[in-house]
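Okay, structure first, notes after.
Please treat every number below as a calculation from the coordinates, not as lab data. Bear in mind the structure is a predicted one, so any value in this text is a computation, not a measurement. In this analysis, Cβ positions are derived from the backbone assuming ideal geometry, glycine residues included, and neighbour counts consider all displayed protein chains.
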Amino acid sequence: MAPLVPSSQPWVEKYRPRQVKDVAHQEEVVRVLTNTLQTADLPHMLFYGPPGTGKTTTALAIAYQLYGPELYKSRVLELNASDERGINVVRTKIKDFAAVAVGSAKKGIIEPLASRCAKFRFKPLSEDVMSNRILHICREEGLTLDAQALSTLSAISQGDLRRAITYLQSAARLFGSSISSSDLISVSGAIPEDIVKSLLAACKSGEFDVANKEVSNIIADGYPVSQLLSQFLDVIVNADDIPDEHKARICKKLGEADKCLVDGADEYLQLLDMASETIRALFNIPQGLVF
Ligand SMILES: Nc1ncnc2c1ncn2[C@@H]1O[C@H](COP(=O)(O)OP(=O)(O)OP(=O)(O)O)[C@@H](O)[C@H]1O
Ligand SMILES: [Mg+2]
């Protein structure tokens, strides 16, 4: 039989589980849904949880198992939540689609307008689960990934398997079948660790000018500041030589800076403000005082 997907297909699609039972790490969700599928008595369902943990995969697998390959395409309506979320989409697209789908539905499937949704929480994927899926893909694609590269991939993907698979495929395209930790860092857009550590070292010097110089270099090199904030957070949280109350103060500032960036604030000013507050926290200078 010809493969279902051509080999040029993105690996996130190629390795998307087709059956609910193959969705990894979401045991409770899988157990409840497997029972539900046996009766085809489906309530409305709301899947929630972090990105890349199997929500879309599970929804597609349910539809596939319920309708089979023939009917599947005509019974699935995917809407993009970033632009298709106005009331008109509900009034037209969704209601029209639901009417058609129900009118010709097989018996056993309940009426669609149930008063509430059954909610399913998807957990972030653990490092073990991520590694197993990644190693499976490596075997299938003939890639070699050493232990350090595997743990780097889990760390930079933060429980999001979609990200991990995408980084792996990009690295394989660029660097061939033997992939190292630094190959993965370069395709992920993660900032080299020594850059993040030198920013902290500059803050530890207590000199505003030194920190400002480091901040200016980071901006001039074009590193994304939101990514830097997230990596700076890791360094701060894991630092052995910073007292907890100082860590808390820096983390609070990191949160504020991240929010400001989302709201469109200037990257240089946010990073400089964050570095200044880090100096104040490290040297126990009350907020607002000039140092
Ligand atoms: N629990 C899982 N088991 C196996 N593969 C998974 C799992 N979660 C994610 N994947 C892999 O990651 C890809 C992305 O997953 P999926 O589209 O289901 O994420 P999602 O939870 O819907 O994320 P988002 O919130 O961003 O929409 C899938 O194609 C699949 O290859
Ligand atoms: Mg999804």
What do the square roots of 5 times the Cα gyration tensor eigenvalues come to for region 127-188, in whole Å, largest first, as semi-axes of the equivalent ellipsoid?
-> 15, 13, 10
Can you tell me how much longer the chain between Lys213 and Val235 gets when fully stretched, taken as 0.36 nm per residue apart minus their C-alpha distance, in nm with one decimal?
-> 5.9 nm
Simple SL model, points at 7 angstrom along Cα→Cβ for Gln38 and Lys21; separation in nm is 1.1
Taking the chain as a Gaussian network, Cα atoms linked when under 10 Å apart, which of Leu71, Leu153, Leu161 shows the biggest mean-square fluctuation?
-> Leu71
Of Ile250, Ile185, Ile165, which has the largest mean-square fluctuation in a 10 Å C-alpha GNM of the chain?
-> Ile250
Rounded to the nearest 500, what is the chain's calculated 222 nm mean residue ellipticity when only DSSP H runs of at least 4 contribute -39500 (n - 2.57) each, over all residues?
-> -18500 deg cm²/dmol
Would you be so kind as to identify which of Val30, Thr152, Ala211 lies farthest towards the positive end of the dipole of the chain, taking Lys and Arg as +1 and Asp and Glu as -1 on Cβ and the Cα centre as origin?
-> Val30
Radius, Kirkwood style, for the chain when every pair of distinct Cα atoms is counted (Å) | 22.6
Between region 158-208 and region 131-152, what's the alpha-carbon centroid distance in Å?
-> 17
Relative contact order of region 127-188 (C-alpha contacts under 8 Å, at least 6 apart) in percent is 39
When only Cα pairs under 8 Å and 6 or more residues apart are kept, what is the percent relative contact order across the chain?
-> 16
For Lys213, go through the aspartates and glutamates and keep the ones whose alpha-carbon is under 20 Å away, minus same-chain ones fewer than eight residues off.
-> Glu193, Asp194, Asp221, Asp266, Glu267, Asp273, Glu277
What number, in nm² with one decimal, is the all-direction average of the projected area of the convex hull of the alpha-carbon atoms of region 193-282?
-> 5.0
Listed residues Val196, Val237, Val225, most fluctuating in the chain (Gaussian network, C-alpha, under 10 Å) = Val237
